[in-house]
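*Asks:* Okay, handing you the structure first.
We did not get these values from a lab; they are worked out from the coordinates using the rules stated. It should be emphasised that the depicted structure is a prediction, and the values quoted were computed from it without experimental measurement. Positions of Cβ are generated from backbone atoms using ideal geometry, with glycine treated the same way; all protein chains shown enter the neighbour counts.
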Amino acid sequence: MKHYLLFVLSFVVCLAVAQAQNDLSKVEIKSTQVAGNIYMLEGAGGNIGVSVGTDGILIVDDQFAPLADKIRAALRKLGEGKLRYILNTHYHGDHTGGNKAFSAEGTIVAHDNVRKRLSGEWKPASGNAAPPSPPEALPVITFDSSLSVFFNGEEIRAMHVPHGHTDGDSVIYFTKANVVHMGDQFFNGMFPFVDLASGGDVEGYEHNVAAVLGKIPADARIIPGHGPLANVEDLKKFHQMLVETIGSVRERIKAGKTLDQIKAEGLPEKWNSWGQGFIKTPAWIETIHKSLSNKSPR
């Protein structure tokens with residue numbers, strides 16, 4: 001438990017440090033056309049989805065506050081319309097850090113739990129909550145299970161997926177463009193961070209990915225929370241990784257093996273390269289073990 005809490009703390013600290021570091025001045029915002037009028041912006045933090053059209057601009061997530069001007073400049077290259085909406089896939093700072101900077105330009109929309117966690121209304125069962133965000137950084141429209149924004153000639157659906165990466169995650173589907181923004185329910189080609197302290201759950205995470213795969217068209221383009229632009233086959237491989245690695249740890253727990261023993265044995269060799277991102281293989285094993293053995297209070 002102590003090691004896991006230290007791991008979560010290190011993740012949060014890394015986000016805070018990244019936001020404050022001067023080298024964010026060196027970050028370049030890369031724009032990629034996904035399909036039709038939908039684009040993906042990459043910089044530092046979570047990938048941003050963009051809808052550009054006659055109604056203006058809608059973005060999904062907004063990375064870190066110091067990058068706001070660079071993000072604005074990237075948006076101006078895509079279209080001259082005004083920013084109208086900001087959809088947050090979840091509350092983590094690498095996806096909501098720009099909320100305050102953009103709130104005067106557009107309406108922030110997110111799941112109920114995103115506002116609760118950003119505002120400080122949510123109180124953890126143990127430990128300390130993150131400092132509350134300023135009022136202007138909070139979502140002003142929230143929803144429980146789903147919400148639709150009819151914008152730029154299509155229905156843009158925000159769908160809550162429960163207890164996966166956190167307890168407030170949403171998947172965004174651009175219905176006409178056939179593009180899905182997964183938020184941090186998808187780390188393309190790498191082990192994911194599952195925030196157990198914020199209602200995350202590895203089995204719920206796997207279930208959510210399976211549910212999305214069961215609903216989206218086979219030719220959908222997918223924007224992951226982290227990693228390169230993807231397709232359905234990439235998401236299927238990610239789901240296979242979840243099933244196999246979670247299953248591997250589950251079976252060894254049933255066999256009576258300790259966390260240290262499971263770490264020493266590692267995971268199937270086919271997933272070695274997935275541990276080269278921020279979440280290394282030992283940390284992913286520990287997350288799975290913690291989630292399966294003693295799930296966080298909800």
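*Asks:* Considering each residue of segment 264-292, count those that are more than 26 Å from V212 (Cα to Cα) and either touching a Lys or Arg at 6+ places or on another chain (Cβ under 6 Å) or surrounded by 18 or more Cβ atoms within 10 Å (Cβ to Cβ) (or both), and give that number.
*Replies:* So the count comes out to 1.
*Asks:* Please count how many residues of segment 211-251 are within 16 Å of the chain's Cα centre (by Cα) and either part of a strand (DSSP E or B) or surrounded by fewer than 17 Cβ atoms within 10 Å (Cβ to Cβ) (or both).
*Replies:* Number satisfying all stated conditions: 7.
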